[in-house]
Amino acid sequence: MVAGDMPLAAVLQPYDQRVSLDQGAADMPCLLVPPDDLVALCTQLRDDPSLRFDFLSDICAVDIFPKTPRFMLVYHLFSVTHKWRLRLKCCLDDPAIAPTVIPVWTTANWHEREAYDMYGIHFDGHPDLRRIYMWDGFDGYPMRRDFPLRGYKDDYNPLGVEPVAEGSE
Amino acid sequence: MTEATVINEVTTDTGLSREVLLNLGPQHPSTHGVLRLLLQMDGEIIERVEPHIGLLHRGTEKLFESFTYTQIFPLTDRLDYLCPPSNNLGYALAVEGLLGIEAPERAQYIRVIMAELSRISGHLLITGALPMDVGAMTSLLYTMRDREMVMDLMEMITGVRMHTSFCRVGGVREDLPEGAEARILEFCDIFAARISDYETLLDNNRIFLARVENIGNITGEDAIALGLSGPNLRASGVDWDIRRDEPYEIYGQVEFDVIVRQDGDCYDRWKCRVDEMRESLRIIRQCIGQMPKGDVLVDDPKIAFPVDKDLLSHSMETHIHHFLLSANGFKVPAGEFYSAIEAPKGELGYYLISDGSEKPFRLKVRSPSFVNLQSLTERTTNIKYLADVIAMLGSLDPVMGEVDK
């Protein structure tokens with residue numbers, strides 16, 4: 001899919017340079033969106049009759065530790081009408097707080113819970129932000145890059161890494 | 001154990017009404033794995049369904065980040081463990097997309113044949129398991145018998161029945177063994193008649209129909225908002241199949257129909273899959289007919305092992321490449337790529353971010369079952385009784401290996 005066919009310019013205009021188009025990726029065009037504009041832009045992308053991005057494929061959280069801003073949310077959209085794909089990227093500082101897109105796409109619910117569970121990203125306005133894979137009492141966010149692959153040592157995980165005490169390095 | 005907790009007791013004119021919380025699973029035959037459903041019920045009427053997942057979570061995505069690109073294949077097998085070739089294919093396409101290479105044509109045909117065989121194997125499970133969940137035990141015995149034929153083919157081609165790991169970046173592990181094409185065609189002939197048998201057994205079965213027709217209807221609009229994909233979405237009247245609309249591999253060169261049904265109830269979701277198996281047979285037959293001769297792996301010593309194994313004993317250079325490839329893997333240029341394929345359960349996406357090293361920086365799996373299962377929680381479906389939840393769950397066909405990753 002080439003970005004040239006997609007009438008994105010009209011949608012981007014009101015955002016006055018805050019949203020930028022990145023055509024570098026080989027597979028689909030990509031928009032860089034600040035968290036504050038995310039919901040408004042998503043709603044517009046979904047409802048604009050010339051775009052109709054009504055299908056949210058996936059939300060992927062990424063931790064680029066130790067770089068800053070540390071977290072990134074990647075939304076993959078699909079237009080069932082036009083068969084187009086679009087990627088949205090939203091960078092977040094630590095502690096990461098993003099607005100929820102559940103009002104735009106119902107399916108975002110579990111994706112956001114997964115991002116919260118694995119990366120500790122909070123979603124403002126999420127009605128049910130709980131862990132989804134790990135159990136409720138679990139401490140830490142396993143997919144973060146500073147979380148050891150083996151996990152931390154405890155009664156159930158004798159082969160885990162010794163937890164580092166606060167302050168010592 | 002299944003145990004009910006009374007959360008509210010109300011005495012009405014007609015008697016005592018109890019609101020209870022009921023645990024369904026994690027060990028229950030109808031949950032198809034380790035899924036726990038927390039049901040809030042008023043008598044037999046469902047008020048809320050809350051799936052609790054994660055009991056099979058293996059941290060696959062965390063493991064991806066510490067494995068080389070070739071080592072990841074066996075991990076993808078274990079996502080949707082009914083259809084490993086599809087998982088392999090989606091992942092291989094993501095890596096190939098970043099590398100900017102394409103598998104040789106024969107390899108693409110072999111991959112598609114394998115993927116379609118696995119689609120039949122996956123769909124056969126639900127064809128038999130949904131009726132079994134609602135009480136028709138016989139059908140599962142028949143579908144499992146026929147699934148065994150697919151398993152035998154897998155064993156003949158790859159050497160294993162379930163976790164095939166047959167794809168490689170840039171092709172497939174090896175060519176089809178001698179006689180495989182004839183065996184696959186023989187299977188196609190036998191199996192075409194068997195699909196009609198299932199329909200005779202179930203399609204006119206009033207008890208089965210009463211349990212699945214007009215149960216759990218999802219409208220097309222809701223289905224899209226819920227992120228349903230694959231047969232679950234097409235059963236709701238949305239005409240979208242990635243194989244046709246964004247053809248990957250050689251799907252552009254074969255003819256097949258996309259099965260779309262309109263009602264979006266449990267029956268349509270089941271029937272969609274039964275009909276899709278026929279289309280899969282059509283695709284397989286065409287592939288066998290059209291498949292050219294040739295290599296099955298790209299000729300690039302930095303990415304794939306040499307096609308001619310004799311070179312290993314003559315050529316020092318081949319030997320070095322072979323060693324480095326085995327020991328360190330290969331590097332993938334920095335960048336990102338999202339590959340989406342039509343897996344048996346729906347859109348299977350792999351989002352790969354590479355930092356230029358031998359291991360992925362981040363590899364996210366968009367597993368269709370995870371998204372499909374979510375629609376159980378929403379009140380967009382007309383599930384009313386406890387028994388309907390079972391039918392709904394069966395018709396969504398989640399595979400817990402893929403839900404929990």
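Table: residues versus (1) free of Cβ contacts under 8 Å to residues at least 40 places away in the same chain; (2) in a loop (DSSP other than H, G, I, E, B); (3) over 27 Å from B:R362 (Cα atoms).
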{"site": "B:L38", "(1), (2), (3)": "yes, no, yes"}
{"site": "B:I46", "(1), (2), (3)": "no, no, yes"}
{"site": "B:H57", "(1), (2), (3)": "no, yes, no"}
{"site": "B:E61", "(1), (2), (3)": "no, no, no"}
{"site": "B:S66", "(1), (2), (3)": "no, yes, no"}
Next on the checklist: Would you confirm, using the coordinates I've provided, whether B:H314 is surrounded by fewer than 18 Cβ atoms within 10 Å (Cβ to Cβ), on the phi < 0 side of the Ramachandran plot and touching a Phe, Trp or Tyr at 6+ places or on another chain (Cβ under 7 Å)?
Outcome noted: no
Checklist entry - Out of all the residues in segment B:25-64, which are surrounded by fewer than 20 Cβ atoms within 10 Å (Cβ to Cβ), modelled with pLDDT of 85 or more and in contact with a Gly (Cβ under 8 Å, 6 or more places away or on another chain)? => result B:V34, B:R36, B:L56
Checklist entry - Counting only residues that are closer than 11 Å to A:M72 by Cβ and of a type in the set (A, V, I, L, M, F, W, C), how many does segment A:88-108 have? => result 6
Checklist entry - Considering only helices (runs of 4 or more DSSP H) fully contained in segment B:161-232, which possess at least 2 residues that are at pLDDT below 90 and more than 21 Å from B:R119 (Cβ to Cβ)? => result B:206-212, B:220-225
Item to check | Residue check for B:T76: of a type in the set (V, I, T), more than 25 Å from A:D136 (Cβ to Cβ) and assigned to a loop (DSSP other than H, G, I, E, B) | outcome: no
Checklist outcome for this item: Among residues of segment B:192-222 being crowded, with 24+ Cβ neighbours inside 10 Å and farther than 23 Å from B:S121 by Cβ, the residue farthest from the other protein chains (Cβ to nearest Cβ) is B:G216
Checklist entry - Checking B:K293 against (1) touching a residue at least 60 places away in the same chain (Cβ under 8 Å); (2) basic (K, R); (3) surrounded by 17 or more Cβ atoms within 10 Å (Cβ to Cβ), which test does it fail? => result (3)
Checklist entry - Out of B:F370, B:F337, which single residue is assigned to a strand (DSSP E or B) and in contact with an Asp or Glu (Cβ under 7 Å, 6 or more places away or on another chain)? => result B:F337
Next on the checklist: Pairs please, first residue from segment B:188-203 and outside the structural domain of B:R285 (by TED's automatic domain parsing), second anywhere and assigned to a helix (DSSP H, G or I), Cβ atoms under 9 Å, 6+ apart in sequence or on different chains.
Outcome noted: none
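Condition check ((1) out of contact with any Ser or Thr (no Cβ under 9 Å at 6 or more places or on another chain); (2) under 25 Å from B:K302 (Cβ atoms); (3) not hydrophobic (A, V, I, L, M, F, W, C)) across all residues:
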{"site": "B:E102", "(1), (2), (3)": "yes, yes, yes"}
{"site": "B:I113", "(1), (2), (3)": "yes, no, no"}
{"site": "B:S121", "(1), (2), (3)": "yes, no, yes"}
{"site": "B:A129", "(1), (2), (3)": "no, no, no"}
{"site": "B:M132", "(1), (2), (3)": "no, no, no"}
{"site": "B:M137", "(1), (2), (3)": "yes, no, no"}
{"site": "B:R145", "(1), (2), (3)": "yes, no, yes"}
{"site": "B:M151", "(1), (2), (3)": "no, no, no"}
Item to check | Tally of residues being at pLDDT 85 or above and out of contact with any helix residue (DSSP H, G or I) (no Cβ under 9 Å at 6 or more places or on another chain) across segment B:367-388 | outcome: 0
Checklist entry - Any residue in segment A:33-52 that is at the interface with chain B (Cβ under 9 Å from one of its Cβ atoms) and surrounded by 15 or more Cβ atoms within 10 Å (Cβ to Cβ)? => result no
Checklist entry - Out of segment A:87-130, which residues are in a strand (DSSP E or B), within 12 Å of chain B (Cβ to nearest Cβ) and either of a type in the set (S, T, Y) or surrounded by fewer than 21 Cβ atoms within 10 Å (Cβ to Cβ) (or both)? => result A:K89
Next on the checklist: When you scan segment B:141-149, do you find a residue that is at pLDDT 90 or above, within 18 Å of B:L89 (Cα to Cα), part of a helix (DSSP H, G or I) and out of contact with any Asp or Glu (no Cβ under 6 Å at 6 or more places or on another chain), even just one?
Outcome noted: no
Checklist entry - Within segment B:264-295, which residues are at pLDDT below 90 and in contact with a Cys (Cβ under 9 Å, 6 or more places away or on another chain)? => result none
Item to check | Per-region count, segment B:322-364, residues touching a Lys or Arg at 6+ places or on another chain (Cβ under 6 Å), within 30 Å of B:I120 (Cα to Cα) and within 12 Å of chain A (Cβ to nearest Cβ) | outcome: 2
Checklist entry - Consider B:L75 against the criteria (1) away from chain A (no Cβ under 14 Å); (2) within 18 Å of the chain's Cα centre (by Cα); (3) farther than 26 Å from B:T143 by Cβ; (4) not acidic (D, E): it satisfies all of them except one. Which criterion is unmet? => result (1)
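The values are calculated or read from the model by the stated rules, or taken from the named source; none is laboratory data. Note that this is a predicted model, so its numbers are computed, not measured. Every residue, glycine as well, gets a Cβ built from its backbone with ideal geometry; the counts of neighbours run over all protein chains shown.
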